[in-house]
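Each remark here refers to the structure printed beneath this line.
The values are calculated or read from the model by the stated rules, or taken from the named source; none is laboratory data. Quick caveat: nothing in here was measured; it's all calculated off a predicted structure. Methodologically, a virtual Cβ is constructed for each residue, glycine included, from the backbone with ideal geometry; neighbour enumeration extends over all protein chains shown.
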Amino acid sequence: MTMGTRPPDTLPREAVAELLLDLADDEFVIGFWDSEWTGIAPMLEEDVATSSISQDEIGHARALYEMLASLTGDDADRIAFGREPEDYRHAALLNHPRTDWAFTVARRYLYETADAVRLEALARSSYEPLARLVAKMRREERYHLMHLDAWLTRLAEGGADARGRLAAALEHLWADAQAVFTPPGHEAALLEAGVLPEPMAALRRRWAGEVGERVQSLGLPPLDPTVGAPTDGRTRRTDGFRWLHGEFTMVARSDPGATW
Amino acid sequence: MSARVGRDRVWEVFRQETEGDPFVHAGNVRAPDEELATHYAREFFGRRQESHRLWIVDRAAIVELRDPDLLKPPFDRSFKRPGGYVIRHKLEAAKARATAGGQQREPAAEDAPR
């Protein structure tokens, strides 16, 4: 699929491509991790909801990979399934296996809130195809956030076991969550062109403030707002992710180049 | 979640396909409260863009009537049905007039029972 709009000559193509890959890999990997709940979520209704939301994320990833492919003359499926684990650029937050339900809720909460701040900024991007796509994505992400906040509240206000697991997971994931805002390689060029309307560091501070307030309102232990985004936040890979990569590339590897 | 299951409620979901359509019973979901019931109803009956609007009703709020004495009384009730008025011969006459008059439509509507 092609995007219709030809990017202007002044567009820092390489920088935009990097940004799109960061965004796409985040959505792709969280979509695959949480789809691991299909069949075993806490209750049937939640099973369907989690699986459906995971599909939404993979749908967003597909749209982003297609935009990237049209920009670089590549193929969206090849980008999605044809790379080695070390070439993925998702945030370190998404390296972790799904673990238990509280861990999944904690991770999703940190990711969805960070993504919401990032998408709010990108909806103002000077790169119009991206601004338009982000506007569409935000309409679905709004529901994801509502669904997620419902679970965050229930676990925080549930019994000691649920609350303890949630608090431990939030604390465990907090440092890696900052990596959603690890600046892309050519951030200065993106800022200058208005593709990225605000520096990642500013977005990160805004997000950390919002999360801090929510965590406090639920009476959960505070999270350190001074932890910054790690420089290797989008390049660090783990065995957990290598396992997931093996799962999600299995079909594509079985018959490379197949069409369906 | 076993502790939670006992506190779950059943919510009946009605969906409207497009504006103006009647709401039709779609099925039900189980959820502990209104908020999650809404999310689950949306996933089960709206995620494929098949619904214009949903009504999510706590089953406990539904007033059920199933008393056969009230709903299926033993006496002949045929006079309460439109079928109690025999209009077959009127319809046949109207059709005959329509055929005789070619494409012209007969204003036979006032013969039909209300």
How many residues of region B:67-91 are surrounded by fewer than 10 Cβ atoms within 10 Å (Cβ to Cβ) and outside any loop (DSSP other than H, G, I, E, B)? The answer is 10
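Considering only region A:212-224, state which residues are in contact with a helix residue (DSSP H, G or I) (Cβ under 6 Å, 6 or more places away or on another chain) and surrounded by 14 or more Cβ atoms within 10 Å (Cβ to Cβ). Lay out the reasoning, then the answer.
So the first thing to find is which residues in region A:212-224 are in contact with a helix residue (DSSP H, G or I) (Cβ under 6 Å, 6 or more places away or on another chain), and the list is A:218, A:220-221, A:223.
Selection gives A:LEU218, A:LEU220, A:LEU223.
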I'd like to know if region A:24-45 contains one or more residues that are acidic (Asp, Glu), within 21 Å of the chain's Cα centre (by Cα) and within 16 Å of A:PHE103 (Cα to Cα).
yes
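Table: residues versus (1) assigned to a loop (DSSP other than H, G, I, E, B); (2) surrounded by 12 or more Cβ atoms within 10 Å (Cβ to Cβ); (3) within 10 Å of chain A (Cβ to nearest Cβ); (4) within 19 Å of the chain's Cα centre (by Cα).
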position: B:ARG30; (1), (2), (3), (4): no, yes, yes, no
position: B:GLU35; (1), (2), (3), (4): no, yes, yes, no
position: B:TYR40; (1), (2), (3), (4): no, yes, yes, no
position: B:GLU43; (1), (2), (3), (4): no, yes, yes, no
position: B:ARG48; (1), (2), (3), (4): yes, no, yes, no
position: B:SER51; (1), (2), (3), (4): yes, yes, no, yes
position: B:TRP55; (1), (2), (3), (4): no, yes, no, yes
position: B:LEU65; (1), (2), (3), (4): yes, no, no, yes
Specify the residue that is nearest to A:ASP34 (Cα to Cα); the eligible residues are those in region A:132-162 that are facing chain B (nearest Cβ under 10 Å) and part of a loop (DSSP other than H, G, I, E, B).
A:GLY158
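Hey, among the residues in region B:92-114 that are of a type in the set (D, E, K, R) and part of a loop (DSSP other than H, G, I, E, B), which one's modelled with the highest pLDDT? Walk me through how you get there before you give the answer.
Residues of region B:92-114 of a type in the set (D, E, K, R): B:92, B:95, B:97, B:105-106, B:110-111, B:114.
Add one more test, that the residue is part of a loop (DSSP other than H, G, I, E, B), and what stays is B:105-106, B:114.
Working: B:ARG105: 53, B:GLU106: 49, B:ARG114: 46.
This residue is B:ARG105.
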Among the candidates A:GLY194, A:GLY212, single out the residue that is touching a residue at least 12 places away in the same chain (Cβ under 8 Å) and more than 24 Å from B:GLU35 (Cβ to Cβ).
A:GLY194
Do we have A:ASP176 as within 14 Å of chain B (Cβ to nearest Cβ), under 18 Å from A:ASP115 (Cβ atoms), in contact (Cβ under 8 Å) with a residue 40 or more places away in the chain and out of contact with any Gly (no Cβ under 6 Å at 6 or more places or on another chain) here?
no
When A:ARG165 is run through (1) without any contact (Cβ under 8 Å) to a residue 40 or more places away in the chain; (2) charged (D, E, K, R); (3) surrounded by 18 or more Cβ atoms within 10 Å (Cβ to Cβ), the failure sits at (1)
If you scan region A:225-251, which residues turn out to be surrounded by 14 or more Cβ atoms within 10 Å (Cβ to Cβ), among the hydroxyl-bearing types (Ser, Thr, Tyr) and under 19 Å from A:GLU187 (Cβ atoms)?
A:THR235
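Taking the condition under 25 Å from B:HIS25 (Cβ atoms) and not hydrophobic (A, V, I, L, M, F, W, C), does B:ARG77 pass?
Numbers: under 25 Å from B:HIS25 (Cβ atoms): no; not hydrophobic (A, V, I, L, M, F, W, C): yes.
Criteria not met by B:ARG77.
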Give me the pairs: first residue in region B:9-37 and on the phi < 0 side of the Ramachandran plot and free of Cβ contacts under 8 Å to residues at least 24 places away in the same chain, second residue assigned to a loop (DSSP other than H, G, I, E, B) and surrounded by fewer than 16 Cβ atoms within 10 Å (Cβ to Cβ), beta-carbon distance under 8 Å, and six or more apart or on different chains, which are they?
B:VAL24/B:GLU17
